[in-house]
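Worksheet: one structure, shown below.
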Amino acid sequence: MKKVFLAVVMFVGITTLAQEKQAKKGDFENLTTEQKVELQVKRMAKDLDLNEKQVKDMKVLVAKEVEKKEAKRDEMKQLKTQNEQKRGEMKAQMEKEQAEASAEMKKILTPEQYTKWEKMRDERRANMREKMMEKKKAKMMEKDSEPLKK
């Protein structure tokens, strides 16, 4: 009984701690550049016991670093949207090519053969989707278990 109680208490504690860390991270991302610089410099001044000149120099350095990080984050967001657009274009192109191949196949095969071929193609697609979903689930499970390993 004690073990079960201890396990429940540990689980609740870990869950609460994880949520607090996530909330703190989200709060930092919502700050302006100046607020981020001030927060980091204050933390460093407190932790490292910096003098006024060091604080002034650190503000300049941290401001440059924060700006670089934000520029990089914006660049990554743009790349992500570009990749999504490219993915849509590639999908449309692939569907067009598949339709053309299907039309060619219809010219070559008899109606019965074409119907059988369509059924086989649909089964292959269903199997591929199923395998892809299994891989996604496995990948998600792997990601979910990673924090527990650390």
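Brief remarks follow.
- Pairs where the first residue, in segment 54-74, is closer than 18 Å to M44 by Cα and the second is of a type in the set (K, R) and part of a helix (DSSP H, G or I), C-beta under 6 Å, 6+ apart: V66/K36
- Residues being in contact with a Ser or Thr (Cβ under 9 Å, 6 or more places away or on another chain) and open to solvent by less than 80 Å² (accessible area, probe 1.4 Å) - total across segment 54-104: 3
- Residues (at pLDDT below 90 and over 41 Å from the mean Cα position of the chain (by Cα)) located in segment 113-129: Y114
- Residue match in segment 105-126 (condition: open to solvent by less than 100 Å² (accessible area, probe 1.4 Å), outside any helix (DSSP H, G or I), farther than 30 Å from I14 by Cα and out of contact with any Asp or Glu (no Cβ under 8 Å at 6 or more places or on another chain)): yes
- Verdict on L31 being modelled with pLDDT of 80 or more and in a loop (DSSP other than H, G, I, E, B): yes
- From the options E84, E134, E70, residue that is within 21 Å of the chain's Cα centre (by Cα), of a type in the set (D, E, K, R), closer than 22 Å to E29 by Cα and assigned to a helix (DSSP H, G or I): E70
- Total residues in segment 130-150 satisfying the condition of being at pLDDT below 90 and either acidic (D, E) or touching an Asp or Glu at 6+ places or on another chain (Cβ under 9 Å) (or both): the figure is 3.
The values are calculated or read from the model by the stated rules, or taken from the named source; none is laboratory data. A quick note: this is a predicted structure, and the numbers were derived from the prediction, not measured. Because the Cβ atoms are built from the backbone with ideal geometry, glycine has one as well, and the counts that use them run over all protein chains shown. Heavy atoms of the whole protein, side chains included, go into the accessibility calculation; ligands, DNA and RNA do not. Shrake-Rupley method; radii C 1.70, N 1.55, O 1.52, S 1.80 Å.
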